[in-house]
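Below: one structure, written as structure tokens.
The values are calculated or read from the model by the stated rules, or taken from the named source; none is laboratory data. Computed from a prediction, not measured in an experiment: that's the story for all the values here. Here the Cβ is made from the backbone with ideal geometry for all residues, glycine too, and neighbour counts use every protein chain on show.
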Amino acid sequence: MIRINLLPKQEIKEARGRGEFFIGLLALLAVLGVILATHYSQKNKINSVQDQIKVTEKKIASLKDVEKKVDEFKAKNKELERRIKVIVELEKKRSGPLFVMESLSKSIPEKAWINKISSKGSNATISGIAWNEFTVADFMQALQNSNYFKNVNLKVIKKTTVNKLPLRSFEITSRLDFIGESNNEQQDTEKDENKKEL
């Protein structure tokens, strides 16, 4: 088949030029479209990330408030524990003298009598009369075994006569422990050691 181009050469060139212009314009518009679509997509992503950042910052701020409240609670709890401890110690010391006197009365042997008890701070002096030296020694041992008397020492012992009976007057010094805990701990330790030996 034979083709015959009846159009003049000038018109053919103009037609090709117009086609190339339209193709170039379409390509340019396509590139601009892609750029605009990418720009809007990135802008949306940036806005989404910024929104997430704002939400996260709000959460962090609320968590800081919670952390501050927790710290305040811990401080108040610590202060409350300190006050409770002080109250417990005061209660022990308040009831301490009663327990000291009870322990003293239980420690007095059958053939001994107490004339005077004096205390200055945590130091006490006990004066009395006993049947003999052995009775005084039993009394001192009973005091030493008590939770409330520490460092029991015999200061004076001498012969005396009461109703023509030869007796012994004595004076014992001791340190008072109004809380009465140290001997309990020592006795618990001794019990544990005895159990291990068995």
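Criterion first (assigned to a helix (DSSP H, G or I), of a type in the set (Val, Ile, Thr) and either at pLDDT below 90 or over 47 Å from the mean Cα position of the chain (by Cα) (or both)) does Val156 satisfy it? For Val156, the condition - assigned to a helix (DSSP H, G or I), of a type in the set (Val, Ile, Thr) and either at pLDDT below 90 or over 47 Å from the mean Cα position of the chain (by Cα) (or both) - is not met.
Is there a residue being on the phi < 0 side of the Ramachandran plot, surrounded by fewer than 16 Cβ atoms within 10 Å (Cβ to Cβ) and in contact with a helix residue (DSSP H, G or I) (Cβ under 6 Å, 6 or more places away or on another chain) anywhere in the range 92-100? No, the range 92-100 contains no residue that is on the phi < 0 side of the Ramachandran plot, surrounded by fewer than 16 Cβ atoms within 10 Å (Cβ to Cβ) and in contact with a helix residue (DSSP H, G or I) (Cβ under 6 Å, 6 or more places away or on another chain).
Filtered by the rule that a residue be within 50 Å of the chain's Cα centre (by Cα) and surrounded by 14 or more Cβ atoms within 10 Å (Cβ to Cβ), the range 120-132 gives Ala124, Thr125, Ile126, Ser127, Gly128.
To keep it simple, each residue is scored yes or no on (1) among the hydrophobic types (A, V, I, L, M, F, W, C); (2) at pLDDT 85 or above; (3) in contact with a helix residue (DSSP H, G or I) (Cβ under 8 Å, 6 or more places away or on another chain).
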site	(1), (2), (3)
Phe21	yes, no, no
Glu57	no, yes, no
Glu102	no, yes, no
Lys111	no, yes, yes
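Among the residues of the range 81-101, none qualifies, meaning not one is without any contact (Cβ under 8 Å) to a residue 24 or more places away in the chain, under 19 Å from Asn145 (Cα atoms), part of a helix (DSSP H, G or I) and among the polar types (S, T, N, Q).
The residue of the range 159-192 that is surrounded by the fewest Cβ atoms within 10 Å (Cβ to Cβ), among those that are modelled with pLDDT of 85 or more and among the hydroxyl-bearing types (Ser, Thr, Tyr), is Thr161. Inside the range 126-142, residues that are part of a strand (DSSP E or B) and under 12 Å from Leu104 (Cα atoms) make up a count of 1.
Of the residues making up the range 143-153, one or more are within 35 Å of the chain's Cα centre (by Cα), assigned to a strand (DSSP E or B), modelled with pLDDT of 90 or more and aromatic (Phe, Trp, Tyr). Scanning the range 104-112 turns up at least one residue that is of a type in the set (S, T, N, Q) and surrounded by 14 or more Cβ atoms within 10 Å (Cβ to Cβ).
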